[in-house]
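Structure first, commentary second.
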Amino acid sequence: MPFDRLTKFAVRAISEGLRKESDKIRCTCVYPGVVTSELANTISDSVARERMHSYRKIAIEPAAIGRAIQFAIERPQDVDVNEIVVRPLATQV
């Protein structure tokens, strides 16, 4: 299993374990899609940098991820939002 998928599985497993251990802990896994960042500016390979810039043309702003997290936090105390997948509305430019 690739490392990134293994890491995501570990986060899910730990989160589910927390949910089962206590009814006093709310745990939400947030899976963001393409998010605007400075990552492409740090790539030294010009071809890879241009591909990243192209890929990120549909990126959403970090504030959108923040609003999704705020949504989960603001649910009633007896409600647990297990997972949120946040993706850009656009799929291509």
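The values are calculated or read from the model by the stated rules, or taken from the named source; none is laboratory data. Note that the coordinates shown come from a computational prediction; the quantities given were computed from them, not determined experimentally. All Cβ positions, even for glycine, are placed from backbone atoms using ideal geometry, and neighbour counts span all protein chains on display.
Please go through the stretch 28-77 and give me each residue that is at pLDDT below 90 and of a type in the set (Asp, Glu), ordered by number.
If the condition is that a residue be at pLDDT below 90 and of a type in the set (Asp, Glu), then GLU38, GLU50 are the ones that fit.
Considering only residues of the stretch 1-44 that are surrounded by 14 or more Cβ atoms within 10 Å (Cβ to Cβ), free of Cβ contacts under 8 Å to residues at least 40 places away in the same chain and not in a helix (DSSP H, G or I), which is farthest from the chain's Cα centre (by Cα)?
ILE43
Going residue by residue through the stretch 46-66, is there one that turns out to be polar (S, T, N, Q) and within 26 Å of ALA10 (Cβ to Cβ)?
No, the conditions are met nowhere in the stretch 46-66.
For the stretch 8-17, enumerate the residues that are of a type outside the set (Gly, Ala, Ser) and modelled with pLDDT of 85 or more.
Scanning the stretch 8-17 gives PHE9, VAL11, ARG12, ILE14, GLU16.
Is it true that some residue in the stretch 69-78 is touching a Lys or Arg at 6+ places or on another chain (Cβ under 9 Å), exposed (fewer than 12 other Cβ atoms within 10 Å of the Cβ) and not in a helix (DSSP H, G or I)?
yes
Pull up the stretch 79-90, narrow it to residues that are exposed (fewer than 13 other Cβ atoms within 10 Å of the Cβ) and out of contact with any helix residue (DSSP H, G or I) (no Cβ under 7 Å at 6 or more places or on another chain), then point me to the one that is nearest to VAL11 (Cα to Cα).
Filtering the stretch 79-90 for residues that are exposed (fewer than 13 other Cβ atoms within 10 Å of the Cβ) and out of contact with any helix residue (DSSP H, G or I) (no Cβ under 7 Å at 6 or more places or on another chain), the one nearest to VAL11 (Cα to Cα) comes out as GLU83.
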